[in-house]
Every structure is written in structure tokens, then in C-alpha cells.
Amino acid sequence: MDRFVFLTFDGLSRGAVYAAFALALVLIWRATRIVNFAQGAMAVATAYAGFEVSAATGSYWLGFAVAIAAGLILGAVTERVVMRFVDHSSPLNGVVVALGLVLVIQGGLGMIFGSEFRPAEAPFSRDAFTVGGVALLSRFDLFVFAAVGIVVALLALLFTRTHTGLRMRAAAFAPDVSRLLGVNVSGMLTLGWALAAAVGSLAGMLVLPTELGLHPNAMDIVFVSSFTAAVVGGLDSAIGSVLGGLIVGLLLSYVSGYLGATVAPIAVLILLVVVLLGRPGGLFSRSAARTV
């Protein structure tokens, strides 16, 4: 029972990061109907910038702020300079360009910073609190929950309580009608990419201290798990992506704890296949209206 409790809290902590990264994927999908396969590489690039600033100044929080700001800028530049000129007549065009961005970003990071792993320090202790001899959450885990919770709450307020959020939703679902109503659709798309990249940068800053550290390919496995979380929750559902992240985190924790770490990727693949076969829109997506 003690092991089950520990694995549960560990899975929730890991799942919170997957939830944040899945949310970034959902933001891009809802805005452009593109799965941004470059999201992981973009997050690593901004994390390098953040940890470089932290190392130079001795302030983790200044580096944290720089990483988030770099995410905003990188997302906006990616949309303005690259994705805006992609022919969207076929969904594969955006996917191919995103995969090309992965190679460019990872190659550039390798040339600048090298291909060896570098430590990524956490701002709080990762030693778990114990209750009755059972290890639960660490201070860093609590920080992860708080950061992800604040981001989810702020995005919910943005999309439901502000004019900008409503314009972003309108531009995503009905761009032609939105243009007729005076909405700057291109500006809303740029903002969507910027916000998604910033959320991805946050996820990178939260997950890298718990993994092997900084490396050009450090987010590859995290991207796979987060993409699975987004599909499980539903690519059109922000809340579903959060719940999907927690589900994937718990699954990985239980499988790793009871069956071994080598089995965990297979479990994620099985979950992805089962959801795609049984409910392609995601477990928490709304039922689509049938056209007769």
C-alpha cells in the first residue's frame, strides 16, 4: 500500500508536467489544426536560454522569466516567419515543416551547446516529505502543481472572460467570418503560437530538472508522452489535455513501479492505440454533430 501511495503522488507530479505540455499542443491545434511536432525542441531551446541566464546571474527566477519570454518570442517568430507561409491545403504540409524545425533547432543547439548532458538545477528541494514513513511530495512537486494550476486558471480566464480570448477562439473556428467581423485573424494566430510556446517553455523548465538534464533531444520522450496525453484527453479539449496528462503520468508511474521502466513506453503506446480505436476524438471531447 505504501508503494502504491508513493507511485500515485509521483505519477500526479509527473502528469502535471505532461498536462502543461499537452495544453501547449492543444492551443496550437485549436488555432491552426496543426500538431506542432517542434514543440519539444522549442521548449529545449528556451530552457537553454533560461538556464544560461541563471548560470550567469545566479538567479533561477530570472532565468525562469527569460525562458518564458523566449518562448513567447520564439512562438511568435515561428508563426510569422515559417508557419504562415505553409500551404494548409493538406494537413501533412504543416507536419513536415514542424519536423523540419525539429531538426534545425536540435542541430543548432548541438552546434552551440554541444551534445553532452548538462545538469538543470531545481529551485526547490526534490526530497519528498514523508508521512507515516511513506514518501509523498517534495517542495519541487508542490511548485510544479502550483505553476501548472496557475497557468490552467489564467488560460481559462483568457478564453472565457476576455475579449482577446473570444477573438482567438473565433479566429480558430471561423476565420472567414471573424475577418468579416473585424477580427485580426493573423494576429490572433500569432498570439496563439506565442502562448503555446510559452506554456511549452514552462513545461520544459519544470521537467528538465527531474530528467537527465539539458540536452538537444531532452524533450523527445516527454513530447511523446504529452502528445499521448493530448490525444487521450482530446485535441480540442483544454480540460481534457490536463486530465489526459494526469492519466498518462499515473500510467507511467504504476507501470514503471510494478513492471519496470522498460515496459512504460509500451504501456503508453497501448493506451494511445486503444483510445484512437475506441474514441478517436479523445476521452473527454464533445461528441461531434453528424451531418446528414
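The values are calculated or read from the model by the stated rules, or taken from the named source; none is laboratory data. This structure is a prediction, so every number in the text was calculated from the model and none was measured. A quick note on method: Cβ atoms are made from the backbone with ideal geometry, for glycine too, and the neighbour counts reach across all protein chains shown. Ligands, DNA and RNA are excluded from the accessible area calculation, which covers all protein heavy atoms including side chains. Shrake-Rupley method; radii C 1.70, N 1.55, O 1.52, S 1.80 Å.
Before moving on, here are some points about what is shown:
- Residue list for the stretch 89-105, restricted to those being open to solvent by 80 Å² or more (accessible area, probe 1.4 Å) and free of Cβ contacts under 8 Å to residues at least 40 places away in the same chain: Ser89, Leu92, Val96, Leu103, Val104
- Qualifying residue in the stretch 15-26 (condition: out of contact with any strand residue (DSSP E or B) (no Cβ under 9 Å at 6 or more places or on another chain), open to solvent by 20 Å² or more (accessible area, probe 1.4 Å) and among the aromatic types (Phe, Trp, Tyr)): no
- When each of Leu154, Leu189, Leu109 is tested for being under 21 Å from the mean Cα position of the chain (by Cα) and free of Cβ contacts under 8 Å to residues at least 40 places away in the same chain, the lone residue that passes is Leu154.
- Residue within the stretch 274-286 that is assigned to a helix (DSSP H, G or I), open to solvent by less than 10 Å² (accessible area, probe 1.4 Å) and either modelled with pLDDT under 85 or among the small types (Gly, Ala, Ser) (or both) present: no
- Helices (runs of 4 or more DSSP H) contained entirely in the stretch 158-238, each with at least 2 residues that are open to solvent by less than 10 Å² (accessible area, probe 1.4 Å) and modelled with pLDDT of 85 or more: 185-207, 220-233
- Residue list for the stretch 106-141, filter: under 22 Å from Phe4 (Cβ atoms) and loosely packed, with under 14 Cβ neighbours inside 10 Å: Arg126, Asp127, Thr130, Val131, Gly132, Gly133
- Any hit, the stretch 62-80, residues being acidic (Asp, Glu), in a helix (DSSP H, G or I), in contact with a Leu (Cβ under 9 Å, 6 or more places away or on another chain) and at pLDDT below 95: yes
- Criterion violated by Leu252 - all others in (1) open to solvent by less than 50 Å² (accessible area, probe 1.4 Å); (2) more than 15 Å from Val224 (Cα to Cα) satisfied: (2)
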